[in-house]
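Worksheet: the structure to be examined is printed underneath.
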Amino acid sequence: MATSSRQLILDSIRAATHNDSSIYADLPRNYIHRGALDKASRLQLMTERLREYGAEVAESSLADLATTIARQLQSSGRHIFVAPPSLPAEWLASNFVWKVDHALSHDEIEQCDGVVTAAFAGIADSGTIVLHHSPTEGRRVLTLLPDFHLCILRASQIVETLPEYFDRCPQPPRLATYISGPSATADIEMTRIKGVHGPRFLSLILVRDDI
Amino acid sequence: MSAPVHPTATVPSPVMDPRLAPPFPTAALPILQNTQLRKNVAHATDVIQAKRNNLVAEKKDWRELRNSAAAIRAHVLANLGSYLEEFETNCTAAGGTVHWARDAEEARAIILRILREENATEVIKIKTMTSAEIQLNPALEAAGIKAIETDLAELILQLGDDEPSHIVVPALHVNRRQVREIFAQKMGLPELSDDPEALTAAARTYLRKKFLSVPTAISGANFLIAETGSVVIVESEGNGRMCLTLPRALITLAGIEKVLPRFADLEVLLQVLARSATGERMNPYTSLWSGVTAGDGPERFHVVLLDNGRSEILRRKVERQTLQCIRCGACMNTCPVYRQTGGHAYGSPYAGPIGAILTPQLEHMQHAQSLPYASSLCAACYEVCPVKINIPEVLIELRAQVVNQERSQPARWFDPMYLGMKAANFAFASATRFRLAQRLGRVGLRLFTGKNGWIRRLPSLGARWTMSRDLRALPEETFRDWWATRDAKPGKESR
């Protein structure tokens, strides 16, 4: 049997690198790992970054969360929402139509006005929302097709730096999406336009579970 | 085929296949006369560069991040074989299928075979440089499969029968009026305005139907994670997420150098990539997935690992660093040559300084030999490179290889440049001959020297120099003559 391309490529690589020795543990890591901000400044930075991106940010206490969700949905002017299967029942505000995702079709999701999800983490330095797509965060397509995404993020989930997020992942996720502001493009004359294909409207509720 | 709506109609259509493209100086000449294109390129590169510089300046640990990024990439290359095997094992365990392609032809054949198994007649694509490298779209077309580019810039270029000119903002040479013309004609929207918001909305509507109906997608990869077998894609628009999650089958084409050891190495690479590429703290969307996940995303997932000359580059000490590249495009935005010509003059999907070193190497130094000369060696590219590729060093090494090639060709005896260099070599090798040459030169050049002591025009090869600048006449006395007789001329040396 002829030698496989796999073998030929690996042989060629090994011939090129057989004299090299480079140890992973020896790699320099002198960049900033821990942030320097206190809790209040960290949350403030997260809020500022999100607003720079054009996202809407509201704060809520844990006790008022359901009310805050209802208020934000109301002010969005939208009516039909899709929810991940394990989203807490008290988050599904009445007066709205809810489609809970038990294997909804793409078309059914596409026809919803918005989506409400939880998140895995927030990174203040870049205003990034991290989804690991657990049953409260939803399948990837859920936060993609509807035009409006309301994301519930707890203050205790917010870290300052990107390396701090990686410290919070003992196991690498199988799926992850990092969202830093709504979908955008600058392809035409470098003019930033919000909303090409993903949700054009991103709204956040910052839950003060820390006080 | 319908008539092309070429936005740069005064310029011949760019040839982006390095095997067919004219040499850089020939390709650059008509572009330099196109003021609209140059204005568009200057504007775009200015904007990205200013944003990039601001965000790099605010990052207190930029130098440390850059050092780590460079070290991680160099470490990967030194251990590439083991990391690729680790990636293969973990990707396969997660439900993906890994294919290996030695060259462009094999990669195209693998992709076509998968598409036939999928009975695909259409395929949606995320912007991938690697697919342009292997000339995938023409191969798909020949096989009767319609490729639909979904990145806004790529869509503009595809509908306008144009070619990309930048790896991050491929349509930066096209302005809003030109985009309007293309969309109005190709989408059948005569009333469309040239407001970028309206143009973007038109693309959204046009592509949404495709996303929801086309069951097969092709992507590139920003990173492959050995530890988990995951693939990472960095984007802005969400077209990537659409292609990665909606279709039933997904094919990812990735160069073998794209692998990273661990998931956590992203904490370095993601921080330097977005800042360098688009001048953002983080790009709007980054996706990571591992093989196949039941109920979420494609049911069948293939990775095609492409060598296409890379393992050969790996073998060379100076050139190996070329493979550290993470395709941010910062070197283009800062390059004084690229900023004048844009990407088309490079005759390759990879333009700018990184293209000038990568393209000829991917072509085994058999094509694109003019590209290592498309540089002033000012090293601005090295300065901004987030993974510290010493591009000028590689350029000089490649120039030496090009000269060595030329030196072994029989045609060299008819090349005035070669003969001139040979003569110079002969003259410079001996002090006597050098002195004689200086004298002959002084006498010879007198013929062309004006009364004011300047040479305005030289004949034959020398005309290339005087085409754009004047030359001073050779002085009556050489330095060596002056030095030898300086004691005999008191007072002169004290000046």
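Odds and ends about this structure:
- The helices (runs of 4 or more DSSP H) falling completely within the stretch B:301-371 that include 2 or more residues that are without any contact (Cβ under 8 Å) to a residue 60 or more places away in the chain map to B:310-314, B:352-362.
- Among the candidates B:ALA44, B:ALA71, B:ALA21, B:ALA27, the residue that is surrounded by 17 or more Cβ atoms within 10 Å (Cβ to Cβ), among the small types (Gly, Ala, Ser) and outside any helix (DSSP H, G or I) is uniquely B:ALA21.
- Checked against (1) under 30 Å from B:GLU312 (Cα atoms); (2) touching a strand residue (DSSP E or B) at 6+ places or on another chain (Cβ under 8 Å); (3) more than 7 Å from chain A (Cβ to nearest Cβ), B:LEU270 passes all but a single condition, namely (3).
- Residue list for the stretch A:181-205, filter: among the hydroxyl-bearing types (Ser, Thr, Tyr), touching a Phe, Trp or Tyr at 6+ places or on another chain (Cβ under 8 Å) and either modelled with pLDDT of 95 or more or not in a loop (DSSP other than H, G, I, E, B) (or both): A:SER203
- Flag for B:ALA153 being assigned to a helix (DSSP H, G or I), in contact with a strand residue (DSSP E or B) (Cβ under 9 Å, 6 or more places away or on another chain) and farther than 24 Å from B:ALA109 by Cβ: yes
- Subset of the stretch B:309-329 that is at positive phi and surrounded by fewer than 23 Cβ atoms within 10 Å (Cβ to Cβ) - its residue that is nearest to the other protein chains (Cβ to nearest Cβ): B:GLY309
- If the condition is being in contact with a strand residue (DSSP E or B) (Cβ under 9 Å, 6 or more places away or on another chain) and either at pLDDT below 95 or not acidic (Asp, Glu) (or both), then the stretch B:138-150 contributes B:LEU140, B:ILE145, B:LYS146, B:ALA147, B:ILE148, B:THR150.
- Here is the figure for the stretch B:175-211: residues that are at the interface with chain A (Cβ under 8 Å from one of its Cβ atoms), closer than 28 Å to B:GLN135 by Cβ and either of a type in the set (Asp, Glu) or touching a Ser or Thr at 6+ places or on another chain (Cβ under 8 Å) (or both) total 2.
- Only one of B:ILE218, B:ILE225 that is buried (at least 16 other Cβ atoms within 10 Å of the Cβ) and within 11 Å of another protein chain (Cβ to nearest Cβ): B:ILE225
- Exactly one residue among B:LEU224, B:LEU253 is in a strand (DSSP E or B), in contact (Cβ under 8 Å) with a residue 24 or more places away in the chain, more than 25 Å from A:GLN171 (Cα to Cα) and in contact with a Ser or Thr (Cβ under 9 Å, 6 or more places away or on another chain), and that residue is B:LEU253.
- For the stretch B:156-175, a tally of residues being among the hydrophobic types (A, V, I, L, M, F, W, C), in a loop (DSSP other than H, G, I, E, B) and either farther than 14 Å from B:LYS127 by Cβ or free of Cβ contacts under 8 Å to residues at least 60 places away in the same chain (or both) returns 2.
- For A:ARG139: the one exception among (1) touching a strand residue (DSSP E or B) at 6+ places or on another chain (Cβ under 8 Å); (2) under 20 Å from A:ALA55 (Cβ atoms): (2)
- Output for the stretch B:44-67, where each listed residue is touching an Asp or Glu at 6+ places or on another chain (Cβ under 8 Å) and of a type in the set (D, E, K, R): B:LYS51
- Residue selected from the stretch B:176-209 under the condition of a type in the set (Asp, Glu) and not in a helix (DSSP H, G or I), by the criterion surrounded by the most Cβ atoms within 10 Å (Cβ to Cβ): B:ASP194
- Listed conditions (1) surrounded by fewer than 17 Cβ atoms within 10 Å (Cβ to Cβ); (2) in contact (Cβ under 8 Å) with a residue 24 or more places away in the chain; (3) closer than 30 Å to A:PRO28 by Cβ are all met by B:GLU85, apart from (2).
- Whichever residue in the stretch A:191-209 is crowded, with 20+ Cβ neighbours inside 10 Å and within 7 Å of another protein chain (Cβ to nearest Cβ) and, among such residues, is farthest from A:HIS133 (Cα to Cα): A:ILE193
- Filtering the stretch B:263-282 to residues that are under 21 Å from the mean Cα position of the chain (by Cα) and either crowded, with 24+ Cβ neighbours inside 10 Å or part of a helix (DSSP H, G or I) (or both) leaves B:LEU269, B:LEU270, B:VAL272, B:LEU273, B:ALA274, B:ARG275, B:SER276, B:ALA277, B:THR278.
- If you filter the stretch B:137-160 down to residues that are more than 14 Å from chain A (Cβ to nearest Cβ), out of contact with any Ser or Thr (no Cβ under 8 Å at 6 or more places or on another chain) and among the aliphatic types (A, V, I, L, M), you find that the one that is surrounded by the most Cβ atoms within 10 Å (Cβ to Cβ) is B:LEU140.
- Subset of the stretch B:88-120 [within 8 Å of another protein chain (Cβ to nearest Cβ) and either surrounded by fewer than 21 Cβ atoms within 10 Å (Cβ to Cβ) or modelled with pLDDT under 95 (or both)]: B:ALA94, B:ARG102, B:GLU106
- Selected residue [modelled with pLDDT of 95 or more, outside any helix (DSSP H, G or I) and among the aliphatic types (A, V, I, L, M)] from B:VAL76, B:VAL123, B:VAL56: B:VAL123
- Top-ranked residue in the stretch A:22-37 [being farther than 25 Å from A:ALA124 by Cα and at the interface with chain B (Cβ under 7 Å from one of its Cβ atoms); ranked as surrounded by the fewest Cβ atoms within 10 Å (Cβ to Cβ)]: A:TYR24
The values are calculated or read from the model by the stated rules, or taken from the named source; none is laboratory data. Computed from a predicted model, the values in this text were never measured in an experiment. Cβ atoms come from the backbone with ideal geometry, glycine included; neighbour counts cover every protein chain shown.
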